[in-house]
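Working notes, structure below.
Just so you know, all these numbers are worked out from the coordinates, no wet-lab data involved. Keep in mind the model is a prediction, meaning the values are calculated, not measured. We place every Cβ from the backbone using ideal geometry, glycine too, and count neighbours over all the protein chains shown.
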Amino acid sequence: MSRRASVVAVAVAALAFPGAASAITNPQIPGLQVALRAHGFYGGAIDGVAGPLTARGIRAFQRSHGLRADGLAGPRTRLALGRLGRPFFGRRDLVRGQIGWDVSVLQFLLARRGFAPPRVNGNFGEGTRRAVIRFQRRVGLFPDGIVGGATRAALLGKRRPAAAPARRPTSRYVVRPGDTLTGIATRYRSTVHAIARTNRLDPSRVLLIGTRLRVPVVALPEPSAGARSWLVRASIDHWSSHYGVDPHLARGLAWMESGYQSNLTSDAGAWGVMQVTPATWDYVEQVLVGAPIPRTADGNVRVGIAYLAHILREFKGDERLSLAAWYQGPASVRRRGLLHESKAFVADVLALKARM
């Protein structure tokens, strides 16, 4: 038996030996309990304790399926349990729509941490996703609703490895009519000296149109959390006014997407305060704005609000449809209406709008 497979087997097997502890806790046990309950062989609490009820349930299940009633949740027993019998928690990243033993463990751990989903049933639905997001925000993780290694470690009370130092970003820029080094430096949060040194320019000379520049972003002192929040909100309000979007709606959407955190990147490549994907960024630059937009926190807010304004126009100002289009895509909304998960997203954003 593999080391992973033995985790549950050892915990349950100890019940069969005289003198063993009367109850043994194990982070995988909730998965077993949920699977047994789904088959009608466990009526106790989903508590993560391999007590007598769990032991009797697994033996009864094994007998009913022609398996050796050894009380061990081995591979054959877990196979007989079906979709809820595998895989163990930690073997894969978890996302909405998945079903399994590991989802049951996830739901149990969320509940134990005070972020209980609507049900502990091994089905990763919208309620579980929202519970994951709430937990991730509480512990300072990227709130994407995806349970990867860092989220699993936090749920299990383990320390996360230190994040790798961020690389200093460098943007490329082609000089346009009217540009100055000062203006470019301001736009990209850089300095004239840094741009001139990087590109071997003489700041006193005329800046030629068409010159290709590498623009380094100067490392600035890290602002406090309160200062960051104020800066993000100021950026949101500025671009909301510029594009004619209700600032309360934009604030609610930004908070829902990132909690005003500008350094977040999802597995799909969406990043920043507004969680903008590369494809959306290109569309805003090339179609809606017609000019490059700096890859900065302020630029991210601008792109997100410009796109939100575009969707609002497309759906004639209907905020519910527009937010659903933001979440599931405009074409999908026109073709299928609001999906169940989109309705929850829309309701959350509108609730935030009312408070922001």
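In the range 101-155, taking the dipole from charged Cβ atoms about the Cα centre, the farthest positive-side position among Leu106, Val120, Phe135 is held by Phe135. Close amide-amide hydrogen proximity is noted between Val215 and Ser171, Arg172, Tyr173, each under 5 Å apart and 5 or more residues distant or on a separate chain (H modeled in the peptide plane; Pro and chain starts excluded). Estimated from the Cβ-Cβ distance and a Förster radius of 25 angstrom, the FRET efficiency linking Ala116 and Asp318 is about 0.15.
At full extension, Val139 and Arg83 could sit 17.1 nm farther apart than now, given 0.36 nm per residue minus the alpha carbon distance. The base-10 log of I(q)/I(0) for the range 244-321, evaluated at q = 0.13, 0.20, 0.25, 0.26 Å⁻¹, reads -0.36, -0.87, -1.27, -1.33 [Debye formula, identical scatterers on Cα atoms, solvent excluded]. Look at the dipole of the range 170-216 built from charges on Cβ: of Pro216, Pro203, Leu181, the Cα furthest out on the positive end belongs to Pro216.
Under a 5 Å amide H cut-off, with hydrogens placed 1.01 Å from N, Val276 pairs with Trp271 among residues at least 5 apart or on other chains.
Full extension of the chain between Ser204 and Ala279 yields a length gain of 23.2 nm, computed as 0.36 nm times the residue separation minus the alpha carbon distance. In plain terms, the residue of Ser322, Ser262 with the fewest other Cβ atoms within 10 Å comes first and the most crowded comes last, giving Ser262, Ser322. One decimal place: the segment His238-Arg336 gains 31.9 nm when fully extended, by the rule 0.36 nm per residue minus the C-alpha distance. Counting beta carbons within 10 Å around each of Ile293, Ile58 and listing the fewest first gives the order Ile293, Ile58.
Sort out for me the Cα centre separation of the range 299-353 from the range 256-285, rounded to whole Å. Using only Cα atoms, the two centres lie 15 Å from each other.
Across the range 279-294, rounded Karplus estimates of 3J(HN,Hα) from the backbone phi angles (6.51 cos²θ - 1.76 cosθ + 1.60, θ = phi - 60°) give 5, 5, 4, 4, 5, 5, 5, 7, 9, 7, 9, x, 7, x, 10, x Hz, Gly and Pro being marked x.
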